[in-house]
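The values are calculated or read from the model by the stated rules, or taken from the named source; none is laboratory data. These numbers come from a predicted model, not from an experiment. All Cβ positions, even for glycine, are placed from backbone atoms using ideal geometry, and neighbour counts span all protein chains on display.
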């Protein structure tokens, strides 16, 4: 019995999915033992636009054996094609045997004239989206559970515009020059995700678990981070710690001590996500991540670009957001002050290929003692939006400063804005 033929027919009759035939270009020539059965399904579908049920099929083919097919359709189709190629080869070789006995030249000529028939079918993975229901099913799930689609960003105004970190197909980067607060911003995102009940993972090649932990604590309590690190007396800290030790929150941190020579690989990130069943992965320094297949001959731009593409694929495969920080650079041939705003993805240090791999990118800029966040890339929406915050990184506080034009158009906020202007006059 031809197992592949029988498996394919059982799969069609069970799934009632005619696209298995169309998408894989399966024709009658692939069937030798069950050609009549397959032809019946083709004719039935052509006439009624559906697959016959098993009762109807059995009334025509009493001897056909039904069974559950556990093997995936790709492997079954592969076996059908291999069987078909073998049968064609046997037919052609047998047809040339007599010719070779009579005249070797004629035998070779016959073989060459039929050689194209022996070319194996080349697989190419794709989907006919006009007949694929997956996106509709995804949309329906999202309407039932919108909270399950995005993880909130702790900055309300930024979150309202970008919707949050998307749970899948999301490689989100914060971009900024050294000392601009990238890690602090990331820490606030980490704390927020944990507080919302998500299982959070952090790859922290530079900061130790303890130093990162202090920043998380400051983000939650707004107690002085410096006081924690210096060991100064903070009466509320002990009570806070007693509470979080009893909580159901989880922030798993892997620092440099968890990686050989401090080098992180994408595969290690995958293992991290799977082993701890993470809902979101933060990486404090994309430059430390090596792509799978990395070698010492790779230049930095190539390595970072490949790592970025693999991290995006990780997000897609495991349905979680990957959020990281990356260093900004001064572009060659340009004189840019240290305080000049980063407003495009070309300022990304190391690799423009990495910028291409990201889904969203937000730059972090200093503005006097204020902080300006700019959406420099947004694959899923509008780019170029900006938000200004007054910040206190010691206590991990960020206060939004509304845009002046918006305030002027809103009478109820004018008085509040006047007070804000007095308080933050160095910004205005």
Residue 236: passes all of (1) farther than 27 Å from residue 358 by Cβ; (2) surrounded by 14 or more Cβ atoms within 10 Å (Cβ to Cβ); (3) touching a residue at least 12 places away in the same chain (Cβ under 8 Å) but (2)
Where residue 254 falls short, out of the listed (1) under 20 Å from residue 208 (Cβ atoms); (2) in contact (Cβ under 8 Å) with a residue 60 or more places away in the chain: (2)
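Residue-wise test of (1) within 22 Å of residue 21 (Cα to Cα); (2) loosely packed, with under 13 Cβ neighbours inside 10 Å; (3) in contact (Cβ under 8 Å) with a residue 12 or more places away in the chain.
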site	(1), (2), (3)
50	yes, yes, yes
61	yes, no, yes
77	yes, no, yes
81	yes, no, yes
134	yes, yes, no
139	no, yes, no
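Yes/no per residue for (1) more than 47 Å from the chain's Cα centre (by Cα); (2) in a helix (DSSP H, G or I); (3) at pLDDT 90 or above:
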{"position": "24", "(1), (2), (3)": "no, no, no"}
{"position": "32", "(1), (2), (3)": "no, no, yes"}
{"position": "42", "(1), (2), (3)": "no, yes, yes"}
{"position": "52", "(1), (2), (3)": "no, no, yes"}
{"position": "66", "(1), (2), (3)": "no, no, yes"}
{"position": "89", "(1), (2), (3)": "no, yes, no"}
{"position": "108", "(1), (2), (3)": "yes, yes, no"}
{"position": "116", "(1), (2), (3)": "no, yes, no"}
Checked 158, 212, 175 against criteria (at negative phi, part of a helix (DSSP H, G or I), touching a helix residue (DSSP H, G or I) at 6+ places or on another chain (Cβ under 9 Å) and touching a residue at least 40 places away in the same chain (Cβ under 8 Å)); the one match is 212
Looking across the range 370-409 at residues that are modelled with pLDDT of 85 or more, more than 30 Å from residue 226 (Cβ to Cβ) and out of contact with any strand residue (DSSP E or B) (no Cβ under 6 Å at 6 or more places or on another chain), the single one that is surrounded by the most Cβ atoms within 10 Å (Cβ to Cβ) is 379
Quick one: in the range 280-307, which of the residues that are crowded, with 23+ Cβ neighbours inside 10 Å and under 25 Å from residue 192 (Cβ atoms) is farthest from the chain's Cα centre (by Cα)? 284
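Residue-wise test of (1) in contact with a helix residue (DSSP H, G or I) (Cβ under 9 Å, 6 or more places away or on another chain); (2) modelled with pLDDT under 85; (3) surrounded by fewer than 15 Cβ atoms within 10 Å (Cβ to Cβ); (4) within 20 Å of residue 190 (Cα to Cα).
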site: 277; (1), (2), (3), (4): no, no, yes, yes
site: 309; (1), (2), (3), (4): yes, no, no, no
site: 364; (1), (2), (3), (4): yes, no, no, yes
site: 368; (1), (2), (3), (4): no, yes, yes, no
Identify all residues within the range 336-362 that are in a loop (DSSP other than H, G, I, E, B) and at pLDDT below 85; write none if there are none. 336, 337, 338, 339, 340, 341, 342, 343, 344, 349, 350, 351
